[in-house]
Each structure stands twice: as structure tokens, then as C-alpha cells.
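See structure below.
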């Protein structure tokens, strides 16, 4: 009887979740800041939706991220689960490690994303944005994702890492499959294998013929004698390539979509473009590019609100829910570009705070400033409603964003 009652307390999540996750979060708040949920194709997991609780969990050392521990819990909960060695190779990056390994891996890339080094990239990002807008200006209607929001950060990350831009369609396809929620495990395994092989070959190329790019630098031995292993290099390349473009793509697209649905906010920003940096922070709070932060697991029992999460349980923090917690933000379901978005969790919190946050902010500020200046009369295309959202727990992003440019 107790087992049946426990199952009854597990919230079942339907496919409509991806259309409007906030509708679920509103309902879930009645049950407290943490609850168990189950998707049709997965194991029950805990999700934290409260702001204060989510922020605490993101920094709580009792919740671990090591991939070996995750696999052990999966084996215990589902003995029939197949272990994917290729997926393990891609997943062994710093987002799936705990200190001291995480500290060592993060140190390897911190220098590439300092505020000073990112600021030096401004002119090149502005150049890329201007070229894309020039091509857009030749048309009356475009898919803003395809024409601008995707190629801008993809070009930037390809140049930063030293990845051939011509390969973008392949790695973007692999990305969509691997970050999505899909029951087609064969396709996921195939994409995982293809991407691992691609990155292994790319890493070898950088070893043999290093250039002036981040991946080439990561293949070299450090002054202190430290060097990434082959598996660490492949996993790091995977993380930097995916996180380096996918989040910024959706920050630009989601923010533009929010603006176009809020004419008064759009007009205010047009009249005062100096508000763009603050607007970017509000976009990150209101409809950020990451919904659920990557998975953690409890190493010991952890209390979150009134919920006692046992040891050995998977835990997610919904950044999207936390950022609209009415206990933290006034009128959180309305876009307010002059409101207080301080402390939002759009880039996470704690030791796993997004290392690329300075670059993402810079790209977004340049993107929105350029769009406002070039296409101040832009509107959603008539067929833009309703739009389709990607079926992903990690990424909150649109499939398309058709707009009318109404050129000056």
C-alpha cells in the first residue's frame, strides 16, 4: 500500500509540458518547492522549482554530478538499462564532475572566458552580426533563427574553438538529438557515436597541426605539467561546442520572441537602446535558454522545503521555474525590461555557473542592439502563432521564428 501511495505522489508529465512548462510549474508550486515527477520514457526524478531552494541545491556539496555515480544509480534503478560507452565519453566533461576533478578541468578553460578576453572579441562579433543583417535586409520575411540567431553564435564558437564552420549542420543536428527528449534510443546512440568520432578526429588534427584557437591550446601540456587526456579532450570539446552556441542561439531567439509579443517593452527599448544590457538579464530571467539545469544526485538524504530526498536520487533544478518564483520576483510572469532581474539563475549558480556567461552576454547585447537599429519595425510573421518549442528538458528554444522585417 505504501508503494502505491508513493507512486500516486509522483507527478506524470505529458508532451504538452514543452509547449508551456510554466503551466506545470504553477500547479506544482501548490505541492511545495520540490517534488517527484516522471516522464513517459524515463525514471522518476526530483525537480526543485523554488528560487531559494534551487539556488541552495545548485551550491550544495551533498548533491554530486560525477558521471560514474550517475551510471551506478541508473544500474540500480533499472538493471536492464544499456550502458553506452560512447555516451560516457561525451558525458565525462566538467559539468558531470565533482571537485577536485571539476576544479582542474575548469581551470583549463577559465582563461578563455575572462571578461577582458571576451571584450576583445567585440569587434569581430559586431562584424559577424552586421554581415548577417545585411543578408537579412535583402528579404521582407525571414526565419530569425536560421538567418541570425543560429549563425551568429555558431560562427563565434567555431572561430573560438577552431571548428570548421562548414561542419555546422552536422554538429547542430547531433546537438538537437542529444539535448532533446526522445524515445528513439537508436538515433541517440548513432548521433552520440558520430559526434564522438568527429570530435576525436578534430582533436587529433589539433594535436598534429595546432592553430591559434582554444581547442589547439587545450591539447598542449600546461606549464605545471598538466594535460587533458584524450577522453577529457573529446568531452571538453563536446561541452564547449554545444554549450557555446546552443544557449546563446536561444537567448537571442527567446528574447526577440518575448519582445515581439510585448509591443510596449519593444518600443521602450527602441527609444532607449542603452537599456539592452539590462534587457538581456530580463530575457535570461523571463524565458532563458536553459530550463532544467543538468542532473545531480544525492549522496546523502537532503531536505528541500518539506520534502526529504533520500540518498541515491536524481535531482534537477528548474531554472525556468525558479526565475519565475513569486516569492523572489514581483509579477514574475510579465516581461519587465526595467524590473529587477538581479540574482536570476539563467546561468546557474555555484561552482558549475556557466563559464561562457561573459561571452553569451556580449553576443546577446550586440545581437539585440544591432537588430533594434537595423529593423526597428520588425514584427512576428502572421503564421508565427503558435510556434513550436524544442522537446528538451535542458534547452528552452523555438524550432522556428518567422518575422517580417519592415525595413526602414
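The values are calculated or read from the model by the stated rules, or taken from the named source; none is laboratory data. Every value quoted in this text rests on a predicted model; they were computed, and no experiment measured them. No Cβ is skipped: glycine too gets one built from the backbone with ideal geometry, and neighbour counts run over all protein chains shown.
Conditions (1) assigned to a strand (DSSP E or B); (2) under 24 Å from residue 112 (Cβ atoms); (3) modelled with pLDDT under 95, marked per residue:
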{"site": "320", "(1), (2), (3)": "no, no, no"}
{"site": "327", "(1), (2), (3)": "no, no, no"}
{"site": "332", "(1), (2), (3)": "no, no, no"}
{"site": "364", "(1), (2), (3)": "no, yes, no"}
{"site": "367", "(1), (2), (3)": "no, yes, no"}
{"site": "408", "(1), (2), (3)": "no, no, yes"}
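Does region 286-293 contain at least one residue that is in a helix (DSSP H, G or I) and modelled with pLDDT of 95 or more?
Within region 286-293, one or more residues are in a helix (DSSP H, G or I) and modelled with pLDDT of 95 or more.
Select from region 335-356 the residues that are closer than 20 Å to residue 253 by Cβ and without any contact (Cβ under 8 Å) to a residue 60 or more places away in the chain and list them in ascending order.
none
Of everything in region 105-145, what is in a helix (DSSP H, G or I) and free of Cβ contacts under 8 Å to residues at least 24 places away in the same chain? Give them in sequence order.
107, 111, 116, 117, 123, 127, 131, 132, 134, 135
Could you please find all residues in region 46-66 being part of a helix (DSSP H, G or I) and under 19 Å from the mean Cα position of the chain (by Cα)?
51, 54, 55, 57, 58
For region 266-294, which residues satisfy the criterion of being over 22 Å from residue 347 (Cα atoms) and in contact with a helix residue (DSSP H, G or I) (Cβ under 6 Å, 6 or more places away or on another chain)?
Across region 266-294, the qualifying residues are 266, 269, 270, 273.
Can you tell which of 253, 243, 237 is surrounded by 15 or more Cβ atoms within 10 Å (Cβ to Cβ), touching a residue at least 60 places away in the same chain (Cβ under 8 Å) and touching a strand residue (DSSP E or B) at 6+ places or on another chain (Cβ under 6 Å)?
After applying the criteria, what remains is 253.
Each row is one residue, and each column tells you yes or no for (1) under 18 Å from the mean Cα position of the chain (by Cα); (2) surrounded by 18 or more Cβ atoms within 10 Å (Cβ to Cβ); (3) closer than 30 Å to residue 101 by Cβ.
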| position | (1), (2), (3) |
| --- | --- |
| 334 | no, no, no |
| 351 | yes, no, yes |
| 368 | no, yes, no |
| 391 | yes, no, no |
| 395 | yes, yes, yes |
| 401 | no, yes, no |
| 405 | no, yes, no |
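Does residue 79 satisfy the criteria of being more than 30 Å from residue 226 (Cβ to Cβ), at pLDDT below 95 and touching a strand residue (DSSP E or B) at 6+ places or on another chain (Cβ under 7 Å)?
Here the answer is no, as residue 79 does not meet what is asked.
Can you name every residue in region 124-140 that is surrounded by 14 or more Cβ atoms within 10 Å (Cβ to Cβ) and more than 28 Å from the chain's Cα centre (by Cα)?
137
Here's a check for you: in region 39-60, which residue that is surrounded by fewer than 22 Cβ atoms within 10 Å (Cβ to Cβ) and touching a helix residue (DSSP H, G or I) at 6+ places or on another chain (Cβ under 6 Å) is modelled with the lowest pLDDT?
For region 39-60, the residue satisfying everything is 43.
Sort out which residues of region 372-387 are part of a loop (DSSP other than H, G, I, E, B) and touching a strand residue (DSSP E or B) at 6+ places or on another chain (Cβ under 7 Å), and write them in order of number.
378, 381, 387
Looking at residue 21, is it loosely packed, with under 15 Cβ neighbours inside 10 Å and either more than 19 Å from residue 332 (Cβ to Cβ) or under 21 Å from the mean Cα position of the chain (by Cα) (or both)?
no
Pick from region 162-221 the residues that are surrounded by 13 or more Cβ atoms within 10 Å (Cβ to Cβ) and in a loop (DSSP other than H, G, I, E, B): which of them is modelled with the lowest pLDDT?
Out of the qualifying residues, it is 182.
Could you run through region 19-28 and say how many residues are in a helix (DSSP H, G or I) and free of Cβ contacts under 8 Å to residues at least 40 places away in the same chain?
Counting residues in region 19-28 that are in a helix (DSSP H, G or I) and free of Cβ contacts under 8 Å to residues at least 40 places away in the same chain gives 4.
Could you check, for region 257-269, whether at least one of its residues is under 18 Å from residue 355 (Cβ atoms), under 22 Å from the mean Cα position of the chain (by Cα) and buried (at least 17 other Cβ atoms within 10 Å of the Cβ)?
no
Can you work out which of the residues in region 95-104 that are more than 20 Å from the chain's Cα centre (by Cα) and assigned to a helix (DSSP H, G or I) is surrounded by the fewest Cβ atoms within 10 Å (Cβ to Cβ)?
The residue in question is 103.
Within region 301-310, is there a residue that is over 30 Å from residue 228 (Cα atoms) and within 23 Å of the chain's Cα centre (by Cα)?
no
Which number in (1) within 30 Å of residue 214 (Cα to Cα); (2) assigned to a loop (DSSP other than H, G, I, E, B); (3) in contact with a helix residue (DSSP H, G or I) (Cβ under 7 Å, 6 or more places away or on another chain) marks the one condition that residue 393 misses?
Here residue 393 clears every test but (3).
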